[in-house]
Each structure stands twice: as C-alpha cells, then as structure tokens.
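First the structure, in the form of structure tokens, and then the observations on it.
The values are calculated or read from the model by the stated rules, or taken from the named source; none is laboratory data. Small disclaimer: the values here were computed from a predicted structure and weren't measured. Cβ sites come from the backbone with ideal geometry, for glycine too, and all protein chains shown count toward neighbours.
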Amino acid sequence: MSHVEEFLTAEEEREIIDAILEAEKNTSGEIRVHIEGVAKIDHFSRAQQLFHFLKMDNTKESNGVLIYVAVDDKKFVIYGDTGIDRAVPKGFWNTTKDVMASHFKKGQFKQGIVEGILMAGKELESHFPWDHNDTNELSDAISKG
C-alpha cells in the first residue's frame, strides 16, 4: 500500500467529504482535497497544476479552493481561485493554514484537513454566500495522485 493510501482510513475520508458538504452548505464556493505522495515541482506550482487539471478554474464565480497535501514531502497548500483573491484581503488563508499545520504537527491529519475545510467554508460564506440557484459545480470526492 502506498503512503497516500495509508494516509487516511476510509472512515477518515468519509469524514473529510462530510466536512466538504457541510462547508459548502452556506457558500457558493467549491472546496476539494487532493492528496499525493510527492510533488516533483514546488508545492504551490503543483497545487496550481492540479487546480487546473481538476477543472476547479471553471466555476461560475471563480471561487474554488483546493487543499493540496503532499504526504511524503510533509507539505500542504491552500490554493484559491482568482475570484477569491479579488474578494479577500492579503493573508486571508493564514489562520486556516496555521490551524491545519498545528494538527499536522501532532499527526492529526484528518482533523487538520476537516478543520481547514470548515474554516474555509466559513470564510467563503461571507464573500460568496449560497443562494437558491447555486449548484454543486465540482465533485466532493478526495482526489489522489
């Protein structure tokens, strides 16, 4: 079994997907999680690549968020689309990153990802509130590489 497959149990993956569903209830923002072993390029650039590959840059309001985790590299990136960058202040993701990093340092990977997702959802809610015409534009499944 690869490190990616060992990183989370099936139950933990379900809890992460449940957190995505919960976070997206009150925002038109879209949140995805991608997990892989190592990045062959710098982690921010890899998150950008995956963001495009997962078609996250095709949302109506350009408000997708990718939480990218490179398991063996012990690195993660929170990457938001251009609509988010235009709407939020500089350093917007720092608190979310700090909470996730705190959990990761303790080996609490699922909890760090869940809290990051829920915090992202709360932050997105104030800038991209849900309305009755919103549809789920992206899969909520965890992608793996």
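Assorted remarks:
- Search result, residues across the stretch 55-71 that are surrounded by fewer than 20 Cβ atoms within 10 Å (Cβ to Cβ) and either at pLDDT 95 or above or among the small types (Gly, Ala, Ser) (or both): Ser62
- When Phe109 is tested against (1) of a type in the set (A, V, I, L, M, F, W, C); (2) free of Cβ contacts under 8 Å to residues at least 24 places away in the same chain; (3) farther than 26 Å from Trp130 by Cα, only condition (2) is not met.
- Residue within the stretch 109-127 that is out of contact with any Asp or Glu (no Cβ under 6 Å at 6 or more places or on another chain), closer than 24 Å to Glu13 by Cα and of a type in the set (Ser, Thr, Tyr) present: no
- Condition met for Ile84 (part of a helix (DSSP H, G or I), among the aliphatic types (A, V, I, L, M) and in contact with a strand residue (DSSP E or B) (Cβ under 8 Å, 6 or more places away or on another chain)): yes
- Considering the stretch 39-56, the residues that are touching a residue at least 12 places away in the same chain (Cβ under 8 Å) and part of a loop (DSSP other than H, G, I, E, B) include one that is nearest to Val69 (Cα to Cα), namely Ala39.
- Qualifying residues in the stretch 103-128 (those that are farther than 16 Å from Thr27 by Cβ and of a type in the set (Val, Ile, Thr)) - the one surrounded by the most Cβ atoms within 10 Å (Cβ to Cβ): Ile113
- The set of residues from the stretch 72-83 being within 16 Å of Gly116 (Cα to Cα) and crowded, with 18+ Cβ neighbours inside 10 Å comprises Phe76, Val77, Ile78, Tyr79, Gly80.
- Residue that is farthest from Phe7 (Cα to Cα), among those in the stretch 24-40 that are in contact with a Gly (Cβ under 8 Å, 6 or more places away or on another chain) and among the hydrophobic types (A, V, I, L, M, F, W, C): Ile31
- Taken together, Ser139, Ser62 contain a single residue that is in a loop (DSSP other than H, G, I, E, B) and closer than 16 Å to Ala19 by Cα, which is Ser139.
- Scanning the stretch 14-34 for residues that are over 20 Å from Ala47 (Cα atoms) and out of contact with any helix residue (DSSP H, G or I) (no Cβ under 7 Å at 6 or more places or on another chain) yields a count of 5.
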